[in-house]
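These notes are about the structure you will find just below.
The values are calculated or read from the model by the stated rules, or taken from the named source; none is laboratory data. Being a predicted model, the structure only gives us computed values, none of them experimental. Glycine also receives a Cβ, built like all others from the backbone with ideal geometry; neighbour counts cover every protein chain displayed. Heavy atoms of the whole protein, side chains included, go into the accessibility calculation; ligands, DNA and RNA do not. Shrake-Rupley method; radii C 1.70, N 1.55, O 1.52, S 1.80 Å.
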There are 6 protein chains.
Amino acid sequence: MKTLEQKIQDSETRVFKVVFPNTTNHYDTLFGGMAMYLMDEVAFMTATRFGRKKMVTVSSKKIDFNQPIPADTIIELVGKVVKVGRTSLEVEVEIFVEEMYSEDRRSAIKGGFTFVAINEDKVPVPVL
Amino acid sequence: MKTLEQKIQDSETRVFKVVFPNTTNHYDTLFGGMAMYLMDEVAFMTATRFGRKKMVTVSSKKIDFNQPIPADTIIELVGKVVKVGRTSLEVEVEIFVEEMYSEDRRSAIKGGFTFVAINEDKVPVPVL
Amino acid sequence: MKTLEQKIQDSETRVFKVVFPNTTNHYDTLFGGMAMYLMDEVAFMTATRFGRKKMVTVSSKKIDFNQPIPADTIIELVGKVVKVGRTSLEVEVEIFVEEMYSEDRRSAIKGGFTFVAINEDKVPVPVL
Amino acid sequence: MKTLEQKIQDSETRVFKVVFPNTTNHYDTLFGGMAMYLMDEVAFMTATRFGRKKMVTVSSKKIDFNQPIPADTIIELVGKVVKVGRTSLEVEVEIFVEEMYSEDRRSAIKGGFTFVAINEDKVPVPVL
Amino acid sequence: MKTLEQKIQDSETRVFKVVFPNTTNHYDTLFGGMAMYLMDEVAFMTATRFGRKKMVTVSSKKIDFNQPIPADTIIELVGKVVKVGRTSLEVEVEIFVEEMYSEDRRSAIKGGFTFVAINEDKVPVPVL
Amino acid sequence: MKTLEQKIQDSETRVFKVVFPNTTNHYDTLFGGMAMYLMDEVAFMTATRFGRKKMVTVSSKKIDFNQPIPADTIIELVGKVVKVGRTSLEVEVEIFVEEMYSEDRRSAIKGGFTFVAINEDKVPVPVL
């Protein structure tokens, strides 16, 4: 059987994405709402792949948009379980930005999401 | 000239939306990331219509997803300026859910977003 | 119980929207078909929120695209019930354009949509 | 050189489309606004391919949604120039519905769109 | 009853499309993946309209992207059945590019797709 | 400086994605064209992150859709450089399917894409 460490490692979830013009705002940087959309999607997959149970978003923590993400870059979102409660867990998602034509890579946004595991009747159940 | 009260009133920004199947997850409720996307868009319009200056999202505050929003309902997002600093302001966005075939209406999600006004050189400028 | 006046007032439906690049054509103005799409969506919500019954679009009236709507503006669509028949009703939708960085606001497009209220068997039923 | 007849024939513009679930409303039929969106896009291509000049939508005529278009059918939109003025022209678009698993095909919606040919300065110019 | 020739002719499926900015990559040409998406959709409609049975994509053949397709052109995709087996068939899809403001038209991409006809239990059945 | 081995390892590009209803066809499995769209996007990012130069898709190899990918699963696309020429390179993309609520994971689709590195004048240049 897997250890908690192993489950956390195996459920790490990565998504690369080109910042195409149809995801940017009129400043030509990734629209903040789109960043949140992508982060929640990655967080949801991380939580589900950790618990292999139905998971619902309960809350998002404060998210700082430290750095604008310009169009025509490649971003990687990395989701990782950082806290495990009885029926809830917390996932942290970090967005890295890579220039297309250089090896430059830096962290741009970090955010936390809390999920609760539920059964068919939408009653909270143990995540493990 | 408009008073601050008047500017806040005039910049209140409302968006109704049908929760169509293409915005829901596999539990048939509005996908959390989609809710955040819509909230940020409304917050951005509220901030811009208040200051009539370029506004960038600096951070989102903790958002509680108290109630799932089922498919085939109508939601209204209401954005309102709740705090005005020198170069920044805070917008609160609330999502209400209405049943389609009854007068039932209730609050489902509330969240706060902080914006900074910037000039062409991306330097913060007074919001008023 | 609500008067007709009250029901019309309460069902007024407003939608603000940023004209992002992904909704514009190659003249950098809002694509006509997208305007019609948004108008029908607002008309549908207005009709449903008025009657709280299933509503289907029966026809759209002549729509004049008096003024092109440039990218990087904010539009507001306002839907209002303007005629109430026995099993049908008519909704008028007007689109206003606001500059982002000035208080300038003007009417751009106006259109009418007719809806019929139907029951589960798709048979027309009284709207009130 | 082409005759008018020939130009009309050559500019006829056809678009087949599967009515996938992400284009339908909660009655599981093609959303009216989506039908209008597709019709305007076909009308625009027909007008442009006829005149080979910049064309802008001036107005849409009354559109009757005679028949709902169910999900999981295939539709064909056919655009045809039906009237040619000096600086404007009129395009008629008809939508046909085909069952997927039978040869059944019928007309569902018909609508007219008026376009004006413009030059770089957005001044109307002769369509021919 | 229709001959094979007639069935092939009747199932030819055409789709015109404006290459709007939201379908292009950062070189301002149609994104390769989007071309494949559109080709598979046309191939699927051609196969279904030929056999009037459930069809599933089994494979795509080598596709050469001979010519980039610039933004602000009009493309036409033409799907045609080119081989008919017992339970499978092959569809060829060709993409033509038309300049908007001249009669210039040329072939840009060609690709083949193989489909199998299946019944309710997902078992292959004769296409004819 | 990095070895070729290292560059191949570092450019491996992974994308997880929930198969939401809006990406499926009417058989409730991932639409073939959507799979190709996603594969080309991953292949493009892999090629760009390997060469850090402008890359254009030249061709896709035969793609076998061995296994339908059902809705409500999680897929992972993995892109890897498998051949390096002077001005071209080949990327292989494999799609794995994971059940949401079990550890079950299997390979579903594999495909190859060829890219050419180009400079500002669209002339092929060495990839390394």
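Things to note:
- From the options D:V78, D:V97, D:V125, residue that is of a type in the set (V, I, T) and over 26 Å from C:T57 (Cα atoms): D:V125
- Filter result (at pLDDT below 95, away from chain F (no Cβ under 12 Å) and surrounded by 17 or more Cβ atoms within 10 Å (Cβ to Cβ)) within the range E:54-81: E:A71, E:T73
- For the range D:102-124, the condition of being hydrophobic (A, V, I, L, M, F, W, C), in a loop (DSSP other than H, G, I, E, B) and farther than 23 Å from E:G51 by Cβ holds for at least one residue.
- With respect to the conditions (1) hydrophobic (A, V, I, L, M, F, W, C); (2) away from chain E (no Cβ under 11 Å); (3) part of a strand (DSSP E or B), F:I8 falls short on a single one, namely (3).
- E:F44 vs. criteria more than 12 Å from chain F (Cβ to nearest Cβ), over 30 Å from D:K53 (Cβ atoms) and aromatic (F, W, Y): no
- Flag for C:F16 being crowded, with 18+ Cβ neighbours inside 10 Å, closer than 20 Å to B:G79 by Cα and aromatic (F, W, Y): yes
- Residues of the range A:70-113 classified as farther than 15 Å from A:A43 by Cβ and out of contact with any Lys or Arg (no Cβ under 9 Å at 6 or more places or on another chain), total: 12
- Residue, farthest from the other protein chains (Cβ to nearest Cβ), within the range F:18-39, restricted to residues that are in a loop (DSSP other than H, G, I, E, B) and of a type outside the set (A, V, I, L, M): F:D28
- Residue identified as part of a strand (DSSP E or B), among the hydrophobic types (A, V, I, L, M, F, W, C) and at pLDDT 95 or above among F:V15, F:V42: F:V15
- E:T29 vs. criteria open to solvent by 10 Å² or more (accessible area, probe 1.4 Å) and in contact (Cβ under 8 Å) with a residue 40 or more places away in the chain: yes
- Count of the range D:82-104 residues which are of a type outside the set (V, I, T), closer than 30 Å to D:K122 by Cα and either within 14 Å of chain F (Cβ to nearest Cβ) or crowded, with 16+ Cβ neighbours inside 10 Å (or both): 5
A quick yes/no check of all residues on (1) over 30 Å from C:T24 (Cβ atoms); (2) in contact with a Leu (Cβ under 7 Å, 6 or more places away or on another chain); (3) not aromatic (F, W, Y):
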{"residue": "E:F16", "(1), (2), (3)": "no, no, no"}
{"residue": "E:T29", "(1), (2), (3)": "no, no, yes"}
{"residue": "E:I69", "(1), (2), (3)": "no, yes, yes"}
{"residue": "E:G85", "(1), (2), (3)": "yes, no, yes"}
{"residue": "E:E92", "(1), (2), (3)": "yes, no, yes"}
{"residue": "E:V123", "(1), (2), (3)": "yes, no, yes"}
